[in-house]
Amino acid sequence: MIQITFPDGSVRSYESGVTGLDVAKSISQGLAKKAVSIKVNGQVRDLSRAINDDATIQILTWDDKEGKATFWHSSAHLMAEAIEALYPGTKFGIGPAIDQGFYYDIDPGDQVIGAEDLQRIEKKMQEMAQKKSDYIRTEMPKTKAVAYFTEKGDQYKLDLLEDLEDGQITFYQQGDFTDLCRGPHVPNTEIIKAVKLTNISGAYWRGDESNKQLTRIYGITFPKQKDLDEYLLMLEEAKKRDHRKLGKDLEIFTFDDDVGPGLPLWLPNGAFLIEQLEWFAKKTEEEMGYLRVRTPHIAKENLYLTSGHLPYYKESMFPPMELDGTTYYLKAMNCPHHHKIFASSPRSYKELPLRLAEYGTCYRYEKSGELFGLMRVRSLQMNDAHIYCTKDQFESEFKRVNELYLRYFDVFGIDKYVMRFSTHEPSKLGKKYVDNPALWAETENMVRRVLIDSGIPYEEVPDEAAFYGPKIDIQIWSAIGREFTLATNQVDFAQPLRFNLTFTTSNNENEHPIVIHRAPLSTHERFIGFLLEHYAGKFPMWLAPKQCAILPIADRHIPFAQEVQTQLKKAGVRSQLDDRSESIGRKIRDAETGKIPYMLIIGDKEQEAGQVAVRKQGEGDQGSMTVDDFAQLIRQLVEDMH
RNA sequence: GCCAGUGUAGCUCAGCUGGUAGAGCAGCUGAUUUGUAAUCAGCUGGUCGGGGGUUCGAGUCCCUCCACUGGCUCCA
């Protein structure tokens, strides 16, 4: 007999060799039906595998994150089975579960699988799922596994096998499909009730651009049709938040073929947002001791040779311009210009930390396939600043920058993000990274300490640092789920050396400062794209281009409405007057869909009482009040930044 | 850049197997003067992404370029 400990701490005795499914059944039939896999001593396994020793277990279902992973991984196999049946000779790469579903990378050879094939595959999967095929786990020696895939001619699986240790290789089979796989899997296909293949795209084998591009098919499956319906509904809702749609509807920005891809044109509403953000950033930065500078959009090649960017970054820069025998580049980053400002006069330790800030305009030649609305563009304006400090000041300066981030995040209500701490890979010193092991270790430790001291949860990712130092990034997700770096905060001990930036210490010695690159409000482009989605177009009062719409009921109310507008303008409230000969219902509808926070309805009653009837966007009638009271309400909301 | 797809009026979209463009909204004009999410009528508007080809004839078929979309790769 063995002792099995459950998540609630209770312990039961079972025969040695009992399977996960038996254990689930012993608790309840319901659980046994829902169970997809089992966690045994922290390791997720098939329900059918025997448990031979005392163990702590947890039966996993669809409701568990790891249960979903099992479910989707098995679904990927089901999709592969369907593809093999429909497109014989297809070779298979990898087919993992992901956050929202699964994918399989396949090589259909000469056959082309396009979007219209997805429904066919979906149907086949549903048919196959109903056959209730068991997922059968087998083990075989590597030599036999190699022989199997050699016979099948699947070079991808052979490629994967090469990296596996000798010994027993596990396979899973369901129906006629057999796959090299670590597992685990659901007991049988029947549990997969609803299938949706979401999209199809290319993906390089093993993520390497120099490898062959395979066809990747993404899908998602559910144990109930209702879950799928809900998921599809959620996708629809997300599309409504897409900044590209909102940006068009709310007249924030546009693109034009004659201007060029990735070069946004800011419409008046967008320009207003930019100016409000700049006002806010400048005010905040001034409070925190930053000095504002301004630099040109281009510079000589030499500047980027000195900075070290050119070899690393050339592909991302616009092609050079030749002027009078000299090569110029459009700037892709502001730091070299700022370093030159630091270098423009002898610096004393008494001046440090020196914080130079600029909403600098940069141009980056992003590959055409990478452009994405406002989130990924070729002209961008960065909320940039460079802080030059001594090693002793570094930790407190870095901390101050973090505090600035948190302050901003509080103002904008940004709570769904991941703080990512990127460190270097010691074996790549001198290649990918500047060769200064001591400074890497020292600064990485300082950054880590700041994060821990501030109690900020973070994820550490090795080998993702900038070439000049470690960094932290704030990762966010767009409405349609694409990941972006919103803000960044980077340490740089390399460029001060390259530019030979120095300051005089209190001992009258020359020393190199450390530089912190920071862009807490990202770029105007990405930040406004993010805000559009974050607020679903309903900007807080201080950012709303129009704070209220004045809606006269009949034409005879227009003169009073104009008076109201004048009065509001004097009080600093931004309004828009709808003097069309339209019904009040229509005017309200247009203001509602235009996401204007407040509507002021003016009819006979209001005119007589010298008041306005206030309606709040999305909420409805709020009753009447005087214009002064309304202006006061708006001013208060602006002040609270709500 | 790569793979797959899309590209018809300002916007959202019809247009079957090739016979030479259509709706709703927006816009303009007029009527209407409205009480909390679309008043009515008339009119304007497109070298069907650009170029080339096949054909008696191309929005529809082929080639090519451009842009966009979904991913991959890469990054604020």
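The values are calculated or read from the model by the stated rules, or taken from the named source; none is laboratory data. Because the structure is predicted, anything quoted here is derived from the model rather than measured. Ideal geometry is used to build each Cβ from the backbone, glycine not excepted, and the neighbour counts take in all protein chains shown.
A few comments on the model shown:
- Of all the criteria given as (1) at positive phi; (2) at pLDDT 90 or above, the one not satisfied by A:Gly455 is (2).
- Pairs, first part of a strand (DSSP E or B) in the range A:129-144, second among the small types (Gly, Ala, Ser) and surrounded by fewer than 14 Cβ atoms within 10 Å (Cβ to Cβ), C-beta under 6 Å, six or more apart: none
- Residue identified as more than 17 Å from A:Asn445 (Cα to Cα) and either aromatic (Phe, Trp, Tyr) or in contact (Cβ under 8 Å) with a residue 12 or more places away in the chain (or both) among A:Glu366, A:Glu425, A:Glu370, A:Glu395: A:Glu366
- Per-region count, the range A:246-279, residues more than 15 Å from RNA strand B (Cβ to nearest atom) and either free of Cβ contacts under 8 Å to residues at least 40 places away in the same chain or more than 27 Å from A:Arg407 (Cβ to Cβ) (or both): 4
- The lone exception for A:Ser345 - which of (1) assigned to a strand (DSSP E or B); (2) more than 32 Å from the chain's Cα centre (by Cα) it fails: (1)
- Filter result for A:Glu563 (under 15 Å from the mean Cα position of the chain (by Cα) and either within 16 Å of RNA strand B (Cβ to nearest atom) or at pLDDT 95 or above (or both)): no
- Residue in the range A:535-543 that is within 14 Å of RNA strand B (Cβ to nearest atom), on the phi < 0 side of the Ramachandran plot, in contact (Cβ under 8 Å) with a residue 40 or more places away in the chain and touching a helix residue (DSSP H, G or I) at 6+ places or on another chain (Cβ under 6 Å) present: no
- Of all residues in the range A:298-342, those satisfying the criterion of being part of a loop (DSSP other than H, G, I, E, B) and exposed (fewer than 15 other Cβ atoms within 10 Å of the Cβ) are A:Pro319, A:Asp324, A:Gly325.
- Residue in the range A:83-94 that is assigned to a helix (DSSP H, G or I), modelled with pLDDT of 90 or more, within 15 Å of RNA strand B (Cβ to nearest atom) and on the phi < 0 side of the Ramachandran plot present: yes
- Candidate set from the range A:356-382 (those that are more than 6 Å from RNA strand B (Cβ to nearest atom) and not in a strand (DSSP E or B)); member that is farthest from A:Arg241 (Cα to Cα): A:Tyr365
- Candidates are the residues of the range A:608-617 that are touching a residue at least 24 places away in the same chain (Cβ under 8 Å) and out of contact with any Lys or Arg (no Cβ under 7 Å at 6 or more places or on another chain); the one that is nearest to RNA strand B (Cβ to nearest atom) is A:Arg615.
- Restricting A:Phe484, A:Phe503 to those that are touching a residue at least 40 places away in the same chain (Cβ under 8 Å) and touching a Phe, Trp or Tyr at 6+ places or on another chain (Cβ under 6 Å) reduces the list to A:Phe503.
- The one condition from (1) of a type in the set (D, E, K, R); (2) surrounded by fewer than 17 Cβ atoms within 10 Å (Cβ to Cβ); (3) in contact (Cβ under 8 Å) with a residue 60 or more places away in the chain that A:Glu525 does not meet is (2).
- Check on A:Lys587, within 13 Å of RNA strand B (Cβ to nearest atom), surrounded by 12 or more Cβ atoms within 10 Å (Cβ to Cβ) and part of a loop (DSSP other than H, G, I, E, B): no
- In the range A:435-457, the condition of being surrounded by fewer than 22 Cβ atoms within 10 Å (Cβ to Cβ) and within 16 Å of RNA strand B (Cβ to nearest atom) is met by no residue.
- When A:Asp628 is tested against the conditions (1) farther than 23 Å from A:Glu251 by Cβ; (2) within 12 Å of RNA strand B (Cβ to nearest atom), the lone failure is (2).
- Qualifying positions in the range A:204-218 - within 6 Å of RNA strand B (Cβ to nearest atom), touching a residue at least 60 places away in the same chain (Cβ under 8 Å) and surrounded by fewer than 20 Cβ atoms within 10 Å (Cβ to Cβ): A:Arg216
- Filter result for A:Gly610 (modelled with pLDDT under 95 and within 32 Å of the chain's Cα centre (by Cα)): no
- Selection over the range A:16-57 of residues that are of a type in the set (S, T, N, Q), closer than 29 Å to A:Gly95 by Cα and surrounded by fewer than 17 Cβ atoms within 10 Å (Cβ to Cβ) gives a count of 2.
Residues are listed down the side, and each one gets a yes or a no for (1) assigned to a helix (DSSP H, G or I); (2) at pLDDT 90 or above; (3) charged (D, E, K, R):
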site	(1), (2), (3)
A:Asp22	yes, no, yes
A:Lys25	yes, no, yes
A:Gly30	yes, no, no
A:Lys33	yes, no, yes
A:Leu47	no, no, no
A:Asp53	no, no, yes
A:Thr70	yes, yes, no
A:His73	yes, yes, no
A:Ala76	yes, yes, no
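- The set of residues in the range A:63-105 that are of a type in the set (Ser, Thr, Tyr) and crowded, with 23+ Cβ neighbours inside 10 Å comprises A:Thr70, A:Ser74, A:Ser75, A:Tyr103, A:Tyr104.
- Subset of the range A:383-403 that is more than 14 Å from RNA strand B (Cβ to nearest atom) and assigned to a strand (DSSP E or B) - its residue that is nearest to the chain's Cα centre (by Cα): A:Ile387
- Given (1) more than 12 Å from RNA strand B (Cβ to nearest atom); (2) closer than 22 Å to A:Gly594 by Cα; (3) touching a strand residue (DSSP E or B) at 6+ places or on another chain (Cβ under 7 Å); (4) at pLDDT below 95, index of the condition A:Leu531 fails: (3)
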